[in-house]
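**Q** Let me begin by handing over the structure; questions about it come next.
The values are calculated or read from the model by the stated rules, or taken from the named source; none is laboratory data. What you see is a predicted model, and the numbers here were worked out from it, not measured in a lab. Positions of Cβ are backbone-derived with ideal geometry, glycine not excepted, and every protein chain shown enters the neighbour counts. Quick note on the areas: whole protein, heavy atoms, side chains included, nothing else; ligands and nucleic acids left out. Shrake-Rupley method; radii C 1.70, N 1.55, O 1.52, S 1.80 Å.
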Amino acid sequence: LGSARRARLPPGEMGWPLVGGMWAFLRAFKSGKPDAFIASFVRRFGRTGVYRSFMFSSPTVLVTTAEGCKQVLMDDDAFVTGWPKATVALVGPRSFVAMPHDEHRRIRKLTAAPINGFDALTGYLPFIDSTVTSSLRAWADHGGSVEFLTELRRMTFKIIVQIFLGGADQATTRALERSYTELNYGMRAMAINLPGFAYRGALRARRRLVAVLQGVLDERRAARAKGVSGGGVDMMDRLIEAQDERGRRLDDDEIIDVLVMYLNAGHESSGHITMWATVFLQENPDMFARAKAEQEAIMRSIPSSQQGLTLRDFRKMEYLSQVIDETLRLVNISFVSFRQATRDVFVNGYLIPKGWKVQLWYRSVHMDPQVYPDPTKFDPSRWEGHSPRAGTFL
């Protein structure tokens, strides 16, 4: 970098050769005290909001304030996606984590409406309702204890497969589910492709996932060639049909990588957040009683002629929405995201050199007492009538 640019770097340390700060990072998360990693930088270098380290095999700047995160996230010219090698290899080089900005915007636009649109949500609710109800009954009838997170992940995976693959057969669903479990162990691991390391097992899991999805894709294309319709249109159908203004269609690798990403993100985050919300409500009986009373009031308001929940009922769940937002703040499933500087940029007065990776520590923002008073306390009421300013709720 040269002495002049080096003098403008954020405070910090690059750690051991090759390993950098990864041992401290992994130790903090495996100890159950994830905030200890950033806290060690604050303790040694002060509250500068940006620190330098060597993470995931790259020189990296850690950004830990709302203002810094907002600046990086909103500057698409100075920062592009910069996910670790392991994540890109496992999710796929043609997925959102690696594709250029324009392509990202095109695919996101194509896939957003079928997931989040009013018509889409209205169509999904009956299936979600019946799947959750049948799962609860099955757990109750089990007669003993169940592994709650395992069962939640299984339930949310069944829902997400319905949305993206139109309810694949049971054998396909189970094969996908087993592979995703192994894939996740290696998602944020160091990219060491040797026996015994999580990354190696995750690469095997990805190969199995690709094989299963390729099989489904081949069946869809063969059916289309024969003019056979499978009934409803799911996300795979939409991706097969998609074409840009020049008539270019997505190839199989692009479709598979987008599906690998969405299927993973859709069920893992939902399962974990549901588990933690349940834990927090169990630990706070008064909050549980209030959430339950709201649901009972909604149930009483549903006319006898109506089958199941509607989107209108869902939007009455104001307190439950606060519970979920507070769970997302406190647990932070996506605790960090990754960018890379395309040129020299200054954040908080410190230099991020061109080519360096940037880690945005959402968790540090959510646990900042200046942003959220008493941040370690689970308090859904903090969201009552509160609209978070940009960069503070990520």
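**Q** Of the numbered conditions (1) in contact with a Leu (Cβ under 7 Å, 6 or more places away or on another chain); (2) closer than 19 Å to I163 by Cα, A202 satisfies every one except a single condition; which is it?
**A** The one condition A202 does not meet is (2).
**Q** F164 is checked against (1) open to solvent by 50 Å² or more (accessible area, probe 1.4 Å); (2) in contact (Cβ under 8 Å) with a residue 24 or more places away in the chain; (3) within 22 Å of L250 (Cα to Cα) and fails just one. What number does that condition carry?
**A** (1)
**Q** Please determine, by comparing only the residues of the stretch 281-312 that are open to solvent by less than 40 Å² (accessible area, probe 1.4 Å) and assigned to a helix (DSSP H, G or I), which one is farthest from I128 (Cα to Cα).
**A** In this case the residue turns out to be M287.
**Q** Tell me, yes or no, whether the stretch 111-126 has at least one residue that is touching a Gly at 6+ places or on another chain (Cβ under 6 Å), within 30 Å of A242 (Cα to Cα) and either assigned to a helix (DSSP H, G or I) or of a type in the set (S, T, Y) (or both). I'd like the intermediate steps shown before the answer.
**A** Just the residues of the stretch 111-126 that are touching a Gly at 6+ places or on another chain (Cβ under 6 Å), to begin with: 126.
Then keep just the ones that are within 30 Å of A242 (Cα to Cα); that gives 126.
Now narrow it down to the ones that are either assigned to a helix (DSSP H, G or I) or of a type in the set (S, T, Y) (or both): 126.
Yes, that holds for at least one residue.
**Q** Follow-up. Say whether the condition of being under 30 Å from R94 (Cβ atoms) and in contact with a strand residue (DSSP E or B) (Cβ under 6 Å, 6 or more places away or on another chain) is met by at least one residue in the stretch 28-44. Break it down into steps so the answer makes sense when it comes.
**A** Quick first cut of the stretch 28-44, residues under 30 Å from R94 (Cβ atoms) only: 29.
Keeping just the survivors that are in contact with a strand residue (DSSP E or B) (Cβ under 6 Å, 6 or more places away or on another chain) gives none.
No, because not a single residue in the stretch 28-44 is under 30 Å from R94 (Cβ atoms) and in contact with a strand residue (DSSP E or B) (Cβ under 6 Å, 6 or more places away or on another chain).
**Q** For the stretch 15-26, which residues satisfy the criterion of being under 28 Å from the mean Cα position of the chain (by Cα) and surrounded by 12 or more Cβ atoms within 10 Å (Cβ to Cβ)? Break it down into steps so the answer makes sense when it comes.
**A** Let us first name the residues in the stretch 15-26 that are under 28 Å from the mean Cα position of the chain (by Cα), namely 18-26.
Residues satisfying the conditions are V19, G20, G21, M22, W23, A24, F25, L26.
**Q** Can I ask one more? Please indicate, with yes or no, whether at least one residue in the stretch 328-336 is out of contact with any Ser or Thr (no Cβ under 8 Å at 6 or more places or on another chain), under 23 Å from G82 (Cα atoms), part of a strand (DSSP E or B) and without any contact (Cβ under 8 Å) to a residue 40 or more places away in the chain.
**A** Applying the first criterion (out of contact with any Ser or Thr (no Cβ under 8 Å at 6 or more places or on another chain)) to the stretch 328-336 yields 328-329, 331-332, 335-336.
Those still in the list that are under 23 Å from G82 (Cα atoms) too: 332, 335-336.
With part of a strand (DSSP E or B) added as a condition, the list becomes 336.
So of that shortlist, the ones also without any contact (Cβ under 8 Å) to a residue 40 or more places away in the chain come out as 336.
Yes, that holds for at least one residue.
**Q** Same structure, new question: Is it true that some residue in the stretch 127-143 is part of a helix (DSSP H, G or I), hydroxyl-bearing (S, T, Y), within 18 Å of the chain's Cα centre (by Cα) and surrounded by fewer than 17 Cβ atoms within 10 Å (Cβ to Cβ)?
**A** Filtering the stretch 127-143 down to residues part of a helix (DSSP H, G or I) leaves 127-140.
Narrowing further to those that are hydroxyl-bearing (S, T, Y): 130-131, 133-135.
Then drop every residue that is not within 18 Å of the chain's Cα centre (by Cα), which leaves none.
Scanning the stretch 127-143, I find no residue that is part of a helix (DSSP H, G or I), hydroxyl-bearing (S, T, Y), within 18 Å of the chain's Cα centre (by Cα) and surrounded by fewer than 17 Cβ atoms within 10 Å (Cβ to Cβ), so the answer is no.
**Q** Quick check on this structure: which one of Y319, Y350 is open to solvent by less than 40 Å² (accessible area, probe 1.4 Å) and at pLDDT 95 or above? If you could, list the steps in order and put the result at the bottom.
**A** Numbers: Y350 fails: open to solvent by less than 40 Å² (accessible area, probe 1.4 Å).
From the options Y319, Y350, the qualifying one is Y319.
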